[in-house]
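**Student:** Just passing along the structure, written as structure tokens.
The values are calculated or read from the model by the stated rules, or taken from the named source; none is laboratory data. Please read all numbers here as calculations on a predicted model, not as lab measurements. Methodologically, a virtual Cβ is constructed for each residue, glycine included, from the backbone with ideal geometry; neighbour enumeration extends over all protein chains shown. To get the accessible areas, we keep the full protein, side chains included, count just its heavy atoms, and leave off ligands, DNA and RNA. Shrake-Rupley method; radii C 1.70, N 1.55, O 1.52, S 1.80 Å.
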Amino acid sequence: MTVGVAIMAVVVAREWTRIAVRKDLEAVAALAVPVALAVLIAGTGQVWIALGIAAVASVGVGIWFRSGWAATGVVYASSLGVALVALRGDSLGLEAVIFVLVVVWATDSAAFFTGRRIGGPKLWPAVSPKKTWSGAIGGVVAAVLAGILTGWASGVTVTLALAGVALLLSVISQAGDLFESALKRRFGTKDASSLIPGHGGLMDRVDGLTFAAAAAALVGWIHLGWPELGRGLLVW
């Protein structure tokens, strides 16, 4: 899993760089290499070292390119990869990753179809003209239901707290979606890349997951501490 997640994070770093920094190979490598290194080291269990690498690299590329966007890109791409790998690292790690994925997918799908079906007031028209409050609410409801079912299927006790975690991750996932929309609007870009025909770049597919995965790892750490991030996310 670690190598696949590292590749995904590198692609995200590349797309971020081409949107917000520069399109040349030097800029892409400057962000992608430390991101890959951070994720791979996190996969060995040395998450704190991985976070340190990401932090130092963020400061370094920010100074080198004189760009806060470059620094933020390292944090953004590293957060996706390190968080997923860190969540996977304990006895309920696979279930925790599946829980996050299901909550994000349920949010995205339900928000899209509910928004199209019901319509109504726009969520943030200046950033994302098509998103509606009805879609956002529909996404949260679907995410909570999906999170409860996923928890039950994983064999953990379904509690109000677990439903609350699903709700929180759904809201944060939608915030991640809006963040990427704001980024692309800031730089006049429609899609992160043309990597996926008809769907844009990988960032366009994992924007909500990036925020939700980082939040899930943080919840697990606050609840039960390192290294039981997966159990800390699911067991209440």
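**Student:** Would you mention how many residues in the range 88-131 are among the polar types (S, T, N, Q) and open to solvent by 20 Å² or more (accessible area, probe 1.4 Å)?
**Tutor:** Of the residues in the range 88-131, the ones among the polar types (S, T, N, Q) are 91, 107, 109, 114, 128.
Cutting the leftovers down to open to solvent by 20 Å² or more (accessible area, probe 1.4 Å) gives us 91, 109, 114.
The number of residues fulfilling the criteria is 3.
**Student:** Could you list all residues from the range 168-185 that are closer than 15 Å to Ala96 by Cα and either touching a Gly at 6+ places or on another chain (Cβ under 9 Å) or basic (Lys, Arg) (or both)? Break it down stepwise before answering.
**Tutor:** Our first condition is that a residue be closer than 15 Å to Ala96 by Cα; within the range 168-185, this holds for 168-170.
If the condition is that a residue be closer than 15 Å to Ala96 by Cα and either touching a Gly at 6+ places or on another chain (Cβ under 9 Å) or basic (Lys, Arg) (or both), then Leu169, Ser170 are the ones that fit.
**Student:** Still on this model: Just to check your reading of the model, which residue among Gly115, Gly89 is modelled with pLDDT under 95 and touching a strand residue (DSSP E or B) at 6+ places or on another chain (Cβ under 8 Å)?
**Tutor:** Details: Gly89 fails: touching a strand residue (DSSP E or B) at 6+ places or on another chain (Cβ under 8 Å).
None of the others qualify; the one that does is Gly115.
**Student:** If you don't mind, another one. Of the residues that sit in the range 61-87 and are of a type in the set (Ser, Thr, Tyr) and touching a residue at least 60 places away in the same chain (Cβ under 8 Å), which one is surrounded by the fewest Cβ atoms within 10 Å (Cβ to Cβ)?
**Tutor:** As a first pass, look at the range 61-87 and keep what is of a type in the set (Ser, Thr, Tyr): 67, 72, 76, 78-79.
With touching a residue at least 60 places away in the same chain (Cβ under 8 Å) added as a condition, the list becomes 76, 78-79.
Details: Tyr76: 27, Ser78: 30, Ser79: 23.
Filtering the range 61-87 for residues that are of a type in the set (Ser, Thr, Tyr) and touching a residue at least 60 places away in the same chain (Cβ under 8 Å), the one surrounded by the fewest Cβ atoms within 10 Å (Cβ to Cβ) comes out as Ser79.
**Student:** Go through the range 10-51 and give me each residue that's in a loop (DSSP other than H, G, I, E, B) and open to solvent by 80 Å² or more (accessible area, probe 1.4 Å).
**Tutor:** So the first thing to find is which residues in the range 10-51 are in a loop (DSSP other than H, G, I, E, B), and the list is 21-24, 43-46.
Matches in the range 10-51: Arg22, Lys23, Thr44, Gln46.
**Student:** Let me ask something else about it. Could you grab me the full set of residues in the range 27-43 that are without any contact (Cβ under 8 Å) to a residue 24 or more places away in the chain and within 15 Å of Arg88 (Cβ to Cβ)?
**Tutor:** Ile41
**Student:** Would you point out the residue of the range 127-146, among those that are under 25 Å from Thr189 (Cα atoms) and assigned to a helix (DSSP H, G or I), that is farthest from the chain's Cα centre (by Cα)?
**Tutor:** We begin by selecting, within the range 127-146, every residue under 25 Å from Thr189 (Cα atoms); these are 127-133, 135-136.
Remaining after also requiring assigned to a helix (DSSP H, G or I): 133, 135-136.
Numbers: Trp133: 21, Gly135: 20, Ala136: 17 Å.
The selected residue is Trp133.
**Student:** Tell me, which helices (runs of 4 or more DSSP H) lie completely within the range 147-236 with 3 or more residues that are at negative phi, surrounded by fewer than 16 Cβ atoms within 10 Å (Cβ to Cβ) and in contact (Cβ under 8 Å) with a residue 40 or more places away in the chain?
**Tutor:** Details: elements: 160-186, 202-224, 229-234.
Hits in the range 147-236: 160-186.
**Student:** On to the next question. Pick out the one residue from Ala111, Ala54 that is touching a Pro at 6+ places or on another chain (Cβ under 7 Å) and either part of a helix (DSSP H, G or I) or without any contact (Cβ under 8 Å) to a residue 40 or more places away in the chain (or both). Steps first, please.
**Tutor:** On the way: Ala111 fails: touching a Pro at 6+ places or on another chain (Cβ under 7 Å).
Every option except Ala54 fails the conditions.
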